[in-house]
Amino acid sequence: MHTATHLKPLAPRQAEALTHRARGLSNSETAKTMRCSVTNVTNLLAECFYKLHARNSTEAVAKAVKHGLIHFALIASVISGIGSDAQEQLRTRIQRRPTVRTIRIRNNREGTV
């Protein structure tokens, strides 16, 4: 299995194309969004697959996120065109559940130990 040191960094346009793929866009939808041809998108994704040693889009997205080549914040910024209700739902899903340590820190700040 390849480690992060064997993965080549993605060019900005490649990361953008892979991020759109992570959103579930097709090649033609990605081409419209990126203002380029479908062939260009296909080539960008093919380079991503090569650099990430991936066989398909799902594997490429998973490896890119795992190794920090694309980020959920980047994906969230790309989908920022969604409505405010959906954004609020996304925020509440992303929020972490409080751990014992978090609860202790909050209690210490509030003075209720």
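Observations on the structure shown:
- Residues of region 1-27 classified as outside any loop (DSSP other than H, G, I, E, B) and of a type in the set (A, V, I, L, M, F, W, C), total: 5
- Qualifying residue in region 28-38 (condition: surrounded by 14 or more Cβ atoms within 10 Å (Cβ to Cβ), modelled with pLDDT under 90 and in a helix (DSSP H, G or I)): no
The values are calculated or read from the model by the stated rules, or taken from the named source; none is laboratory data. Owing to the predicted nature of the structure, the values given are computational and were not obtained by experimental measurement. Note that each Cβ is placed from the backbone with ideal geometry, even for glycine, and that neighbours are counted across all protein chains shown.
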